[in-house]
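A short worksheet on the structure shown next.
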Amino acid sequence: MARKIVITSGKGGVGKTTVCANLGLHLAEMGLRVVMLDVDIGLNNLDVIMGVENKVVFDLVDVIENKCRSKQALIQDFYISNLYTLPSVHSYNASRVTGEGIKQVIAGLDVFFDYILIDCPAGVDAPFHRAVYGADEAIVVVTPHLSSLRDADKVLNILVGYNIRSVSLVVNRVRGDLILEREIMNTAEISEMLSSNLIGAIPEDDNLANGLLRKNTSEAYRAFELLALNVHKETNKIYDCTLKYKGLTGAFKRNLRRKI
């Protein structure tokens, strides 16, 4: 039976789809069977981030409308055989898609995978509720900005009304230099402010420009590696985004970044 985790956020632009894609990638690299569902109908780009947009034949809506079986709509990753994407559709009347319809798609995939990651639309309108309806767990993605924190708080309060057994927090685009300069809150303070369990911290990293990080030595890759371990093994190892900015060398890096 798969763990069904919705990746959500209070506002757009916080890197929710990027977190979903990289978490799925790292779980699959651990040997787990992973499928990622893009339920952001009309604004979907999970297939683009995964680099499989040219392989799309069927999509989520086709499955819901019984035009194909769910396995026919799955797109296997080029490099990892146990990682799949179920893409969404760019142009469709989203009001015709219901939470129950998405839940049935998820139920049909349940026995084939260890993880079903649901890439949720931003905001708290109907599309959000459709995506959350079929999930057992939730990860809320937030950035260290006031508007993002306020919107994430709204999402966390709404999730209380659902049958979600676990809600966790990922702080994305963290600048360690600004934390040390006390210009932004650190991840522990954000977790305490939102009264939510911190499961991951992802540093701002130019390597994430394309959204997905295959194996490399970047900070963000290591941070996602720890996030996947925390999700699967229930460890609590949070990447220290301030590490490279500490000490004399770190102080030089902070000063240099301030001038850029």
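Rule-based calculations on the coordinates, nothing more; no lab input. Remember, predicted model here, so these are calculated numbers, not experimental data. All Cβ positions, glycine included, derive from the backbone under ideal geometry; neighbour counts span all protein chains shown.
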*So which of Lys103/Lys215; Lys4/Lys55; Lys71/Lys154; Lys215/Lys244; Lys215/Lys237; Lys71/Lys237 end up more than 29 Å apart by C-alpha?*
Lys103/Lys215; Lys71/Lys154; Lys71/Lys237
*Taking only DSSP H segments of four or more residues, each worth -39500 (n - 2.57), what value at 222 nm results for the chain once the sum is divided by all its residues, to the nearest 500 deg cm²/dmol?*
-11000 deg cm²/dmol
*asked:* Can you compute the charge dipole magnitude of the range 66-177 about its Cα centre, using +1 on each Lys and Arg Cβ and -1 on each Asp and Glu Cβ, nothing else charged? Give it in debye, rounded to the nearest 20.
replied: 300
*Part-to-part distance (alpha-carbon centres) for the range 147-186 and the range 33-95, which is given in Å*: 28
*With the contact rule set at Cα under 8 Å and sequence spacing of 6 or more, what percent relative contact order holds for the range 1-126?*
45
*Would you order Val57, Val170, Val132 from fewest to most other beta-carbon atoms within 10 Å of each residue's own beta-carbon?*
Val57, Val132, Val170
*In Å, descending, principal axis extents of the Cα set of the range 147-244*: 40, 32, 25
*Once you have a ≥ b ≥ c as the square roots of the Cα gyration tensor eigenvalues for the range 65-104, tell me rounded if a/c is under 1.5, and otherwise prolate or oblate according to whether a/b is larger than b/c.*
prolate
*Setting aside same-chain residues fewer than 8 positions from Lys11, which aspartates and glutamates have a Cα under 15 Å from its Cα?*
Asp40, Asp119, Asp125, Asp151, Asp153
*Dipole-positive endmost among Cys120, Ile184, Val57 within the chain (Cβ charges, Cα centre)*: Ile184
*Given +1 on the Cβ of Lys and Arg, -1 on the Cβ of Asp and Glu, and no further charges, what dipole in debye does the chain carry about its Cα centre, rounded to the nearest 20?*
500
*Work out how far the C-alpha atoms of the chain reach from end to end along every principal axis, then list the three figures in whole Å, largest first.*
61, 39, 34
*Which Cα, out of Val48, Tyr162, Leu229, lies furthest along the positive dipole direction of the chain (beta carbon charges, K/R +1, D/E -1)?*
Leu229
*Treating the beta-carbon of each Lys and Arg as +1 and of each Asp and Glu as -1, no other charges, what is the dipole magnitude of the range 139-248 about its Cα centre, to the nearest 20 debye?*
320
*the chain: relative contact order as a whole-number percent, Cα under 8 Å and 6+ apart*: 23
_DSSP-defined beta bridges in the chain - what % are antiparallel, rounded to 5_ = 5
*Based on the Cα atoms of the range 1-44, what semi-axes does the equivalent ellipsoid have, where each is the square root of 5 times one gyration tensor eigenvalue, given in whole Å with the largest first?*
21, 12, 9
*Given the Cα atoms of the range 116-199, and with Rh set as the inverse mean 1/r over their pairs in the Kirkwood sense, what is Rg to Rh to two decimals?*
0.99
_I'm checking a number: the convex hull volume of the Cα atoms of the range 23-123, normalised per residue, in Å³. What is it?_
96
